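Novice: Pasting a structure below so you can have a look.
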């Protein structure tokens with residue numbers, strides 16, 4: 001009787017969660033409808049801050065979608081059994097987050113109805129156009145990879161498929177970094193460190209998302225994560241967080257060394273109001289110091305510590321992207337170096353940005369899309385890791 | 001027999017007449033839609049030379065003329081389109097002050113064209129950089145890429161547009177160098193409106209044009225020349 005009611009409760013909880021996510025998706029779609037109806041005037045974006053909160057959500061989801069596949073790669077490419085058992089779940093999460101991120105990116109366009117134009121007019125010099133190919137190719141590649149892992153007869157192909165996905169996602173995250181690297185005139189961007197930075201950051205964010213989803217599944221199914229796996233994955237998360245921080249530090253240090261960039265760095269690191277606050281408190285403290293303490297300090301590092309660390313890493317990730325994308329645009333373009341500048345178009349002035357409800361809902365809608373794909377996928381197909389603990393050692 | 005011939009002749013005549021009546025409006029409309037059959041020529045490179053010493057501080061005539069010509073509201077909110085703007089600059093070392101108009105610089109190597117995913121941003125053979133409003137998906141990547149902040153995004157529905165200057169909500173736009181006027185042999189509205197003749201418009205490729213002669217004789221610079229985009233707009237006295 002007790003077991004029966006527990007199952008019933010879980011069933012209801014599942015449908016309640018799915019319904020909640022559905023409502024968030026609908027709210028996001030309604031926001032898109034409003035943006036279509038009234039134009040982007042109802043968002044906080046303007047001619048100075050042209051990319052806003054929707055892009056923070058979209059880029060987080062896309063970067064994490066690439067990074068989460070690390071779990072698959074370690075299994076397929078590097079033959080680690082503990083990770084191999086988790087590869088299908090990582091593949092599902094990748095498709096889910098890519099789907100959510102792309103939904104946000106596409107629906108934020110000024111003319112989302114012209115998607116066919118984007119598909120039929122290809123500009124080979126545009127990294128955006130490359131990314132359209134890379135993102136849609138990623139869906140296909142991961143879908144085939146999942147098929148090879150989940151269909152018995154296709155098993156022999158899972159290693160080459162995994163290898164292909166491994167290469168593809170490196171190129172994909174490079175492409176995402178290059179979107180900013182190719183911006184020649186903006187102080188915040190236009191540097192070759194961005195693609196590798198995005199790749200390493202993707203490892204950390206993707207694994208953080210994986211940890212949370214895996215723990216939720218284990219709690220839901222009353223399974224206990226094997227100690228060995230827990231320890232391995234925890235340490236890997238810590239290493240990725242440190243590596244990502246290293247790239248962020250190197251990016252800012254390089255900028256600090258260039259005299260022409262010092263005003264920009266002063267803005268981002270100390271004088272820019274919300275941006276230094278989000279960088280130091282959001283990214284450095286919440287996204288790095290606290291998670292690393294939770295992972296490595298003696299007495300910590302238990303499963304729930306790692307889950308909390310993962311949530312903090314994700315929050316830190318959003319903070320970093322907010323500073324990078326919006327802070328990078330808020331700082332005035334240097335059109336006349338050596339001059340004080342003013343105009344009616346915000347020249348020489350810090351641009352202001354206040355995200356509005358519709359654009360935040362659009363971003364959350366993307367997260368809800370990712371959640372729905374994940375929840376329904378796990379419910380319908382066998383994505384729960386099955387491991388043979390003997391093979392670990 | 002004679003009747004038959006006449007009938008045939010009449011039939012042919014009326015057929016030709018009907019065909020002509022049916023086809024003529026099409027040909028006429030096609031002609032109107034395509035304008036002159038002559039396309040932009042690569043022998044021409046349209047450009048401007050802006051003499052900052054003649055550009056008066058506080059004067060906004062070029063901006064007003066541009067807004068009127070292109071059907072812009074003239075608003076200066078952060079979401080309003082500004083195709084041309086006056087910038088007041090003051091040299092940090094020395095305090096020299098200047099006033100100048102800034103608009104699309106119509107680069108030879110335009111970053112906006114490079115980054116546009118759908119080739120909506122394009123450069124005409126005569127150097128004028130434009131946005132195809134039917135192809136723009138409104139991603140705003142060109143706005144991120146432009147070093148001169150020359151582009152605006154249409155944030156809300158438009159009314160009372162100038163039929164010669166199509167615009168559209170959700171697409172990006174910028175100075176067209178008044179391409180609709182230039183193609184008729186006229187000057188851009190800003191150059192026409194400048195009482196001080198601070199904006200000189202012409203063909204940079206024609207050695208006998210006024211602009212080419214002046215560029216040969218006075219010192220002029222391209223803004224952010226370090227980026228090597230080779231803008232078609234040059235500034236004198238900067």
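Novice: Where both partners of a DSSP beta bridge lie in the stretch B:8-236, what percent of those bridges are antiparallel, to the nearest 5? List each step's numbers first, then the result.
Specialist: Numbers: 20 of 24 bridges.
Looking only at bridges with both residues in the stretch B:8-236, the antiparallel portion is about 85 percent.
Novice: Put a dot 7 Å past each Cα toward the Cβ at residue A:79 and residue A:11; how far apart are the dots in nm?
Specialist: The two pseudo-label positions are separated by 4.6 nm.
Novice: To the nearest whole number, what is the average tally of beta carbon atoms from other chains within 10 Å of the beta carbons of peptide B:141-154? It would help to have the intermediate numbers written out before the result.
Specialist: Details: counts 9, 3, 5, 12, 8, 5, 7, 4, 11, 2, 2, 4, 7, 5.
Going residue by residue through B:141-154 and averaging, the value is 6.
Novice: Something else: Taking the Cα of residue A:349, stepping 7 Å toward and past its beta carbon, and measuring to each backbone N in the stretch A:268-306: which are under 19 Å?
Specialist: Answer for the stretch A:268-306: A:272-275.
Novice: When the helices in chain B are scored as -39500 (n - 2.57) per DSSP H run of 4 or longer and the sum is shared across all residues, what 222 nm value do you end up with, to the nearest 500 deg cm²/dmol?
Specialist: On the way: 7 runs with 70 residues, N = 238.
Using -39500 (n - 2.57) per qualifying helix, the result is -8500 deg cm²/dmol.
Novice: Can you give me the distance in nm between label points at residue A:18 and residue B:18, each placed 7 Å from the Cα along the Cα-to-Cβ direction?
Specialist: Distance between the two pseudo-spin positions: 6.4 nm.
Novice: Now for a different question. With only alpha-carbon atoms counted, please give the Rg and Dmax of the stretch B:8-236, in Å.
Specialist: 21.1, 91
Novice: Other chains near A:97-110: what is the mean number of their Cβ atoms within 10 Å of each residue's Cβ?
Specialist: Working: counts 0, 0, 0, 0, 0, 0, 0, 0, 1, 2, 0, 3, 7, 13.
Mean partner shielding for this stretch: 2.
Novice: Using only Cα atoms, tell me the angle between helix A:2-38 and the longest principal axis of chain A; keep it within 0 to 90° and round to the nearest 10.
Specialist: For A:2-38 against chain A, the angle is about 20 degrees.
Novice: Taking the Cα atoms only, what angle lies between the long axis of helix A:87-107 and the longest principal axis of chain A, rounded to 10 degrees?
Specialist: Relative to chain A, helix A:87-107 is tipped by roughly 30 degrees.
Novice: Still on this structure, please answer the following. Over the protein assembly as shown, how many percent of alpha carbon pairs lie in each 10 Å bin up to the one with the longest distance?
Specialist: Per 10 Å bin, starting at zero, the Cα-Cα P(r) for the protein assembly as shown comes out as 3, 14, 23, 21, 15, 10, 7, 4, 1, 1, 0, 0 percent.
Novice: Next question, about the same structure. Most fluctuating residue of A:78, A:198, A:371 in a GNM of chain A with Cα springs under 10 Å: which is it?
Specialist: Among A:78, A:198, A:371, the largest GNM mean-square fluctuation belongs to A:78.
Novice: Over all residues in A:150-161, what is the mean tally of Cβ atoms on other chains that come within 10 Å of each residue's Cβ? Show your work: numbers first, answer last.
Specialist: Numbers: counts 0, 0, 0, 0, 0, 0, 0, 0, 0, 0, 0, 0.
Counting other chains' Cβ atoms within 10 Å and averaging over A:150-161 gives 0.
Novice: Continuing with this model, one more query. Can you give the calculated 222 nm mean residue ellipticity of chain A, where each DSSP H run of n ≥ 4 adds -39,500 (n - 2.57) and the sum is split over every residue, rounded to the nearest 500 deg cm²/dmol? It would help to have the intermediate numbers written out before the result.
Specialist: Numbers: 15 runs with 255 residues, N = 393.
Roughly -22000 deg cm²/dmol at 222 nm, from the helical runs in chain A.
Novice: Remind me, relative contact order of chain A in percent, using alpha carbon pairs under 8 angstrom and six or more residues apart?
Specialist: Details: 553 pairs, mean separation 116.3, N = 393.
Relative CO of chain A lands at 30 percent.
Novice: Just B:98, B:204, B:130 to compare: in a GNM of chain B, with alpha carbon springs under 10 Å, which one fluctuates most?
Specialist: B:98
Novice: Roughly how tilted is helix A:194-220, in degrees to the nearest 10 and between 0 and 90, from the longest Cα axis of chain A?
Specialist: With rounding to tens, the tilt is 40 degrees.
Read the figures in this text as sums done on the coordinates, not as results from a lab. Keep in mind the model is a prediction, meaning the values are calculated, not measured. Because the Cβ atoms are built from the backbone with ideal geometry, glycine has one as well, and the counts that use them run over all protein chains shown.
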